[in-house]
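Every number in this text was worked out from the coordinates using simple rules, so none of it is lab data. This is a predicted model, so every value here is computed, not measured. A quick note on method: Cβ atoms are made from the backbone with ideal geometry, for glycine too, and the neighbour counts reach across all protein chains shown.
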Amino acid sequence: MVAETTGLTATMADETVQVVYKPMGQWIPSFPAGTENVPSDPTTYPNDPAHADTPLEPGDTNPNVPGTPDNPTMPYVPGFTPQGPDGTPLEPVTPGSPEGGYWPPATPTDNPGGDTVVTYVADEQKATISYYDVTTNTDLSVDPIAGHSDETSSYTTAQRIAMYEQQGYRLVADGYPGTDFTFDRDTATDQACIVQLERITQTITPDDPKTPSSPIFTPGDPVDPSDPSSPTYPEQPGTPGELIDPDNPSGPTWPATPTYPAGLEHDDLNQTVTRAVTYVYDRDGSEAATTATETLTFTRTAALDTVSGEITYGQWIAADSDTTFDEVTSPTIAGYTANRASVAEATGVAATDADTSIEVRYVANAQHATITYIDDNTQQTIVMDDITGQSDGTTTYTTANRIAVLQAQGYSLVNDGWPADFVFDTDDDTTQAFEVHLKHATITVDPDDPKTPSSPVYTPGDPVDPDDPDGPTYPAEPGTPGEPIDPNNPSGPTWPATPTYPDGLKTTDLNETVDRTITYVYEDGSEAAKTVTDNVRFTRTAEYDVVTGTVTYGDWVATNGDTTFDAVESPLITGYYADLPQVDETTGLTADSGDENVKVTYKQMGQWVPSFPVNTPSVPTDPITYPNDPDDPTQPLEPGAPDYPVIPYVPGFTPAGPDGPLQPVDPTDPSKGYVPPATPTDNPGEDTTINYVANEQMATITFIDDTTKTNLIVDTITGVSDATSTYTTAERIQAYLAQGYTLVSDGYPTDFTFDRDDSQTQAYEVHLKHATITITPSDPKTPSQPIYNPGDPVDPSDPDSPTYPEEPGNPGDPIDSDNPSGPTWPATPTYPAGLTETDLNESVTQTITYVYADGQEASDPKTDTVTFSRTATLDPVTGAVTYGEWIAANSDTTFDAVASPVIMGYVADKQTVAEVTGIQATDADTDPVVTYTAMGQWVPSYPAGAPDVPTDPITYPNDPDDPTQPADPTAPNYPVIPDVPGFTPQGPDGPLQPVDPSDPSKGYVPPATPTDPPQDTTITYIDKTTGKQLAMDTITGHSDETSTYTTADKIAAYEAAGYVLVSDGYPGANFAFDREDDYDQAYEVILEHAVIIIDPNDPKTPSSPIFTPGGPVDPDDPTSPTYPVNPSDTPTPTYPAGVETADLNESVTQTITYTYADGTTAADDATDTVTFSRTATVDAVTGKVTYGDWIASNGDTTFDAVTSPVISGYVADK
């Protein structure tokens, strides 16, 4: 502006002021050289309208719109940030959103015409180069690079690609543009480039294995040998760890050259599995035969990941597909036995199987050798040493010790055939045999030079045979008898006792006198007559065998040649019998004859002595003396002489002599006595015992079931006259008590003795009866629960009855362990089925339902239940259950009559469900149905087109006391038919009458309502087999109407379930409802269970169908009803378990085995089998199976006696 001038005067000169306008300065955008596509136009400073010499500063304080010439902004250039002259970045017009431009820097106030350079500085930019492994889908590395917008980069992928190729990768795609790369201007997103590489996979074949750590690649060759066009491995790969680009110290370094890992060598790709069969001697393990070997060869390829070194192997392939070791037969070696005859074939050998070595050991067979020491004098074996060893084995055995022993016993050696270099041969069939021959030394003893017993025969060092001075000498120092000759062989021969002279070489042995002395004595030893004597003398020599100790005597020589004792007659002594009639002459006596001391004894004659069992009362005991023979005092009189004695008769006993029972004098009357047994002629003084043998007696003890009036068992005991018996009824009574019996009486005496009556069997009875147990409905029982508690009475109604055993034994064990063949413990009685709560309590229920004609409930159901109970009486012996009568609770056996409720607008088909009396417990539940149908209506009808007339029908009113009928017309408030002017209503029977004849407008009396009530008929289906109701159908109609109801479908359903129709009482198409309103018609359809008899020759499979559709329900009766061809939805009855072959056929087998004492088999087993069969009856409805009795095949219920076979050299125990 031009400044104010003050203080002017008239004399001052004029003032000229020049105002010069220069161009306003500009903001000049400046970009790095070469930057393309950027704004280059400058922006002029805006003028301040109030100050022509001052630019207007742009910014928030500038009132003009930003971006207009009066409030300019610097343009936004992506990738660049503008700066003022001082280097400060400009502020965006909109903070955080530079896209709206920047506020220019301040104008130069001292030089508004001066330009201001706005420098656009390139923003920093980033990019990443990812090296991606497409084989594993993973990043190998990511190289970040940085620069500025529009700049290029010196980065190259070559070095890192080279590094990865040296590691075993192959380049797939290089997504980095190389020298064409330029940083973009987007500061929000980093540029991303991907270099894709894949791992090289080499296939290693078994014929070209690889050495671990050897280089995988050959410089200059393809990295994938199978692909000659693949990249080549660097010609001169760098040293591992050194920079690939020396000018890029932060760049990648050379990796180690990939080498082959372990696992690719020959043995990794080639495999052999060898089986060696070695043959060795068991004795020392040395080779017995050449080893038999067989080798199977396998190969496989390997796929090598050259980067990771991971190896993937192919399948092992067997050479020639051979995976079998052939069977190898063990060679035969004489004298040896292999522990296995052959090594079996082995199939399916896998390459991973380990080599095997199978050893076949040859065990030297046992060999025997015998060394027989033979006595040449007797040609008998003195001893035989049996030595054992093994083929080709030696032995420590020597004959020296045994010969020394025998020489010490008096033998002299003739020949030793035992070889010093003995070895066992290999001949299994022949025992090696050797002989050592010896002979006896003998010494002659004269009668004038007798020897003392036990004096030594030999002097140590002298010849063992005095007649052979050059023969073996007796040991100078013989060992202690019993000690081993060889101390190193304690089990070898021991020193014998030194031979001594035996008895028999004394003076008395070589000089003999034979004397005879005859004495006559009574039985008490006193002299009966004078003694008579005589003698003869002899001498002899003796030959002594030192070995056997045998003394061989020379012949005795009688003095004076006298060798006879003269005969001497025995004197006769009255009253006695002599034991010798005379002492006979003895001729030809020898010294060996021995002295004769003859004693003639006179004894009293013997007797027949009666003998009875000890303590037998009332029997004869006096003996009867034998009668004398008057002509021979040495003998009794023979039987048959006149007046010969008899043996008395004793009832219940039979006299027996030494030769058995005596014969009656009169066979028809034993009471006359018995003929005595013959007297002992060789000893007339010997008494003959007459043994009165108690005769066999028999008694029976019959156990009687008083309940069934049958015999349970008869025990037969035997004994002899006057004998007692160990038999007791206690055990058997105990067994029956344990079965549920109670004792009535035991007629067997505790002091029982067999009588003497041979003609009668003693008979006793033990009476028992079945215990009965009453089961009340309030105390039902569980099937299989024990009936008795140990210690409780067997009859609960009789506390004094015998108690059940406190500790009953195990079923099948003998009650008396000391009597294993006696009665055994029975199984503990248990409660049978039929005593549960449901068996003893029953209820019958009537449920009345009230429904509309469409089946919907019309009123709540009403129920009435009658309950019954009954007691059961259990026979614990048979398990039979007898039921008492069903008793109704409170004696109520009636379903009370039930009036049907009145439902307005509906009529019931029953006024009352009638009272049902005499209900039985076996009656089925009933389900009466009362059906309500809509009440009829009076329906107005007019000529067609009549307007303004009432059309609503009027429902018949209900009779409040009878739900089956409309109300009586005389009932109060009975409806009227409305009066319609101009019309006269008429019913089925003609015009209606006005309620008030004088005023028809009050309406008309309605016509009568229909009164025909519905009728009910029941069809009841009854199970004749069980007596129970199966179902009851109710049909409804009106008098004289017919019905479409048929029993056919339901009967078919029951037949499909296994029932057979007995009778169908429903008349079918002939049925019509009767005209009786007071009672319902009732019909019955009777059915029964089909019963199938299963023959044992035609057993059945459980769950298989019983019936064949279209076939008879009873296969044995072709005329029986046929099973439905299409049994609809009813499950077809199937056979239950229990009708298979094993259920209807049984066998019992006896197997007799014959074994030696060591348990080995001596002879083939002998077997005998008895077979049984039975029929089964199947209830087709319930599936219950009832069996017939078991029938033995051909009536054979016997295992025949079998004679044990004779086996030479053995005796059988049976």
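A few remarks follow.
- Dipole of the chain computed with +1 at Lys/Arg Cβ and -1 at Asp/Glu Cβ about the Cα centre; of GLY879, PRO630, SER611, farthest Cα towards the positive end is GLY879.
- Each peptide in 971-977, 415-421 was scored by the mean count of other Cβ atoms within 10 Å over its residues; highest first, the order is 971-977, 415-421.
- Semi-axis lengths, Å, region 689-770, gyration tensor of Cα atoms, sqrt of 5 times eigenvalues: 30, 12, 9
- Those residues of region 98-131 whose amide nitrogen sits under 18 Å from the label point placed on ILE28, 7 Å along Cα→Cβ: 104-121
- Relative contact order for region 1081-1173, counting Cα pairs under 8 Å that sit 6 or more residues apart, in percent: 25 percent
- Percent antiparallel among DSSP beta bridges (both partners in region 995-1150, rounded to 5): 70 percent
- Spin-label pair GLN785-ALA334: with each label point 7 Å from Cα along the Cα-Cβ axis, the two points sit 8.6 nm from one another.
- Residues of region 520-534 with an amide N closer than 13 Å to a point placed 7 Å from the Cα of LEU580 along the Cα-to-Cβ direction: 520-521, 531-534.
- Sequence-ordered 3J(HN,Hα) estimates for region 1184-1199 from the Karplus curve with 6.51, -1.76 and 1.60 and θ = phi - 60° stand at 5, 10, 10, 9, x, 5, 6, 10, 6, 5, 6, x, 8, 10, 10, 8 Hz, glycine and proline given as x.
- Rg over Rh for region 507-602 works out to 1.14, using Cα positions for both radii and the Kirkwood form for Rh.
- Plainly put, region 732-814 has a radius of gyration that is 1.12 times its Kirkwood radius, both from alpha-carbon atoms, as the Rg/Rh ratio.
- Percentage relative contact order, the chain, counting C-alpha pairs under 8 Å, at least six apart: 3 percent
- The label-point distance for ALA678 and THR951, in a model that sets each label 7 Å from Cα toward Cβ, rounds to 14.7 nm.
- For the chain, DSSP calls about 80 percent of its internal beta bridges antiparallel.
- Extension gain (nm, one decimal) between ASP427 and ARG1174, 0.36 nm per residue minus Cα-Cα: 262.4 nm
- Given charges at Cβ of Lys, Arg, Asp, Glu: region 875-968 dipole, positive-most of GLY918, ALA889, GLN937: GLN937
- Residues THR1018 and ASP996, FRET efficiency given R0 of 60 Å [Cβ-Cβ distance, rounded to 0.05]: 0.75
- Computed E for THR1161/THR372 - FRET, C-beta separation, R0 30 angstrom, nearest 0.05: 0.25
- Fully extending the segment from ARG537 to THR473, taken as 0.36 nm per residue of separation minus the present Cα-Cα distance, adds 19.1 nm.
- Calculated Rg and Dmax of region 216-257 using C-alpha coordinates, Å: 12.2, 36
- In this calculation the C-beta distance from ASP115 to VAL142 is compared with R0 = 60 Å, giving a FRET efficiency of 0.85.
- C-alpha center-to-center spacing [region 945-960, region 77-91] in angstrom: 103 Å
- Multiplying the residue separation of THR878 and THR347 by 0.36 nm and subtracting their alpha-carbon distance yields 184.6 nm.
- Relative contact order [Cα under 8 Å, 6+ residues apart], region 507-602, whole percent: 35 percent
- Reported label for calculated semi-axes √(5λ) of the Cα gyration tensor in Å given [x] 60, 48, 30; [y] 61, 45, 26; [z] 126, 88, 28: [z]
- Each label point was placed 7 Å from the Cα along the Cα-to-Cβ direction; for SER797 and ALA497 their separation is 9.0 nm.
- Solvent-free Debye calculation, one equal scatterer per alpha-carbon of region 430-564: log10 I(q)/I(0) at 0.11, 0.12, 0.15 Å⁻¹ equals -0.64, -0.70, -0.89.
- Listed peptides 1141-1150, 514-523 by packing density, highest first (mean Cβ within 10 Å): 514-523, 1141-1150
- The charge dipole of region 998-1075, taken about its Cα centre with unit charges on the Cβ atoms of Lys, Arg (+1), Asp and Glu (-1) only, comes to about 160 debye.
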